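The values are calculated or read from the model by the stated rules, or taken from the named source; none is laboratory data. Note that the structure is a prediction, hence the values are computed from the model and not measured. Cβ coordinates were reconstructed from backbone atoms using ideal geometry, including for glycine residues, and neighbour counts include every protein chain displayed. Keep in mind that these areas ignore ligands, DNA and RNA; they rest on the heavy atoms of the full protein, side chains included. Shrake-Rupley method; radii C 1.70, N 1.55, O 1.52, S 1.80 Å.
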Amino acid sequence: SLVSTAITCFTRGLDLRKETEDVLCPANCPLWQFHIFGDGVYASLSSICGAAIHRGVITNAGGAVRVQTLPGQENYPAVNANGIQSQVLARWASSFSVTRTKNTALEAVGRSVSTARPPTGKRPKKPLDKKAGNKDCKADIAFLIDGSYNIGQRRFNLQKNFVGKVAVMLGIGTEGPHVGVVQASEHPKIEFYLKNFTAAKEVLFAIKELGFRGGNSNTGKALKHTAQKFFSLENGARKGIPKIVVVFLDGWPSDDIEEAGIVAREFGVNVFIVSVAKPTTEELGMVQDIGFVDKAVCRNNGFFSYQMPTWFGTTKYVKPLVQKLCSHEQMLCSKTCYNSVNIGFLIDGSSSVGDSNFRLVLEFISNVAKAFEISDIGSKIAAVQFTYDQRTEFSFTDYTTKEKVLSAIRNIRYMSGGTATGDAISFTTRNVFGPMKDGPNKNFLVVLTDGQSYDDVRGPAAAAQKAGITVFSVGVAWAPLDDLKDMASEPRESHTFFTREFTGLEQMVPDIIRGICKDFLDSKQ
């Protein structure tokens, strides 16, 4: 076809359905966040746009790319090219390559627009549905304004003007961004919530009416309060939409802001800090923690901090800030399926599996785990091996980095024995998922077995699902399909997998990852 499909910076090879597909990468993707494996031929786990920049097919200005699906291979190499470091991968089930595409449909559109431009040199604006707002900028934003004696009444009014301009340029509307305001002073005060206004005019009026409170600038206290209380569904937060707090700071905070930053990240809130009038050399002695900006922002990568020299003449700073707030892709602290799941693997260690097949099972688990962002506040992995007996290989809290998890998986020793899958599910629900039940992550159990269970699996699987665990069953060789379906969550067809040979596990990896992400998104709708 002559028309490209628009994709995001993080769309991966395994997300595409066709053998050959023309796609369009957006501009300004964050290079440091790309995960790609290989060089020239990339594992399908890789970001397409990342691979295209790495290969030199496009620059970071984005553009059209042709993606060709290829078979899997072994030993994807690590190569540094065009500002991106690819990573090593031992083997993967499928690959892809990227080439330039002459996208005539897009080029033609580009040309006709440029000649049809009116002579004034002003670009025709596409009509914005006023009520719906800017649909390209879906975000729930809290402006945390400085109401302390640090800023004083006069600069407080200049700050209100600036926040008003940002609110208008965002394009607030029912289907666009929603905003609210919290004032930080001695004690935080939520001035208005996301649900209170959905039109820019109303927001502007509400900002104008805000009164100056005075007191210490307890920004840490206000940020923590905002992260915990502001973004509830009853206060108008929407599911599956980035939560953002923009902290305005005149000078420096009077309290500790680091802990508030941690709480915000745990709640999936993206914190931006706009600092105005940095502390002077004489004033630095009064600052509790000189690195307060880096510790509070979502990521210390330069994207989430913003500086303005004074509150005067700030109009030129409005648009760049709005562009940041509308960069959906860069909101690294938002909850996604990659950073907000707990996946427990229940591994059949019975004697019918055998040592070499057991290694293939561990490789399968590693390849699924690799796709997720494992950290103390991100996704977590656990593994239990069972025969008639059960052994917790490691629990969700044992390892908080991907490297340590992968190393722990490699070090699992094969048990050998009988098969009591039902007992093992009950054991895992109680001992492994039990401690996590009130946590923020969604829980998944992947059961791998190669044969008939000696006990009932239906009861224990139903109890696991009742406890909020989504169950995927993966059967190999002699595993009876009825058992697999009895264990799997609804709809059973999409949660049950089967392969005759252990070597077939590899092909299932992308489907399991996709299944987990689909369930995660469905639970958020």
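Here are a few things to note about the model shown:
- Principal axis dimensions, the chain - Cα atoms, whole angstrom, descending: 78, 57, 44
- Peptide ranges 493-500, 376-383 listed from the most packed, as the mean C-beta count within 10 angstrom indicates: 376-383, 493-500
- Checking the cross-link pairs Lys243/Lys316; Lys165/Lys208; Lys135/Lys278; Lys208/Lys239 against a 23 Å limit on the alpha carbon distance flags Lys243/Lys316; Lys135/Lys278; Lys208/Lys239 as lying beyond it.
- FRET efficiency for the Asn82 to Gln307 pair, using the beta carbon distance and R₀ = 35 Å, is estimated at 0.75.
- Shape call, region 442-525: gyration tensor on alpha carbons, a/c limit 1.5: oblate
- Nitroxide proxy distance, nm - points 7 Å out along Cα→Cβ at Arg410 and Ser523: 3.0 nm
- Distant-in-sequence amide H partners of Glu191 (H built 1.01 Å from N, under 5 Å): Val181, Val182, Gln183
- At full extension, Gln153 and Lys239 could sit 27.3 nm farther apart than now, given 0.36 nm per residue minus the alpha carbon distance.
- Asn196-Gln323 pseudo-label distance in nm [points 7 Å out on the Cα-to-Cβ vector]: 3.1 nm
- Working note: 222 nm ellipticity from helices only, DSSP H runs with n ≥ 4, each -39,500 (n - 2.57), summed and divided by the residues of the chain, gives -8500 deg cm²/dmol to the nearest 500.
- Sorted peptide list for 247-254, 159-166, 460-467, criterion being average Cβ within 10 angstrom, highest first: 247-254, 159-166, 460-467
- The residues packed around Ala206, meaning those with a beta-carbon under 11 Å from its beta-carbon, carry a net charge of 0 if Lys and Arg are +1 and Asp and Glu are -1.
- Taking amide H positions as modeled 1.01 Å from N, with prolines and chain starts lacking one, the residues under 5 Å from Val245 and 5 or more places away or on another chain are Ala142, Asn270, Val271, Phe272.
- For the chain, the solvent-accessible area with a 1.4 angstrom probe is 45 square angstrom per residue.
- Solvent-accessible surface (1.4 angstrom probe) belonging to Ser356, in square angstrom, nearest 10: 90 Å²
- When peptides 43-50, 172-179 are sorted by average Cβ neighbour count within 10 Å, with the highest value leading, the order is 43-50, 172-179.
- Near His328, once Lys and Arg are set to +1 and Asp and Glu to -1 for all other residues with Cβ below 13 Å from its Cβ, the sum equals +1.
- Three-way shape call for region 140-330 based on the alpha-carbon gyration tensor, with the a/c threshold at 1.5: rounded
- Neighbour net charge for Thr314 - beta-carbon separation under 13 angstrom, K R +1, D E -1: +4
- Prolate/oblate/rounded label for region 378-483 (Cα gyration tensor, a/c 1.5): oblate
- Close amide H pairs (under 5 Å, H built 1.01 Å from N) link Trp92 with Gln73, residues at least 5 positions away or on another chain.
- Each residue of region 320-329 is assigned a 3J(HN,Hα), and the resulting list reads x, 5, 4, 4, 4, 5, 9, 7, 3, 4 Hz, derived from the Karplus form 6.51 cos²θ - 1.76 cosθ + 1.60 (θ = phi - 60°), x at Gly and Pro.
- Förster radius 30 Å - calculated FRET efficiency between Lys229 and Thr8, Cβ distance, rounded to 0.05: 0.45
- Crossing angle, helix 104-115 versus the chain [Cα axis fit, 0-90 degrees, rounded to tens]: 10 degrees
- Inter-site label distance for Arg91 and Thr397 at 7 Å from Cα along Cβ, in nm: 3.7 nm
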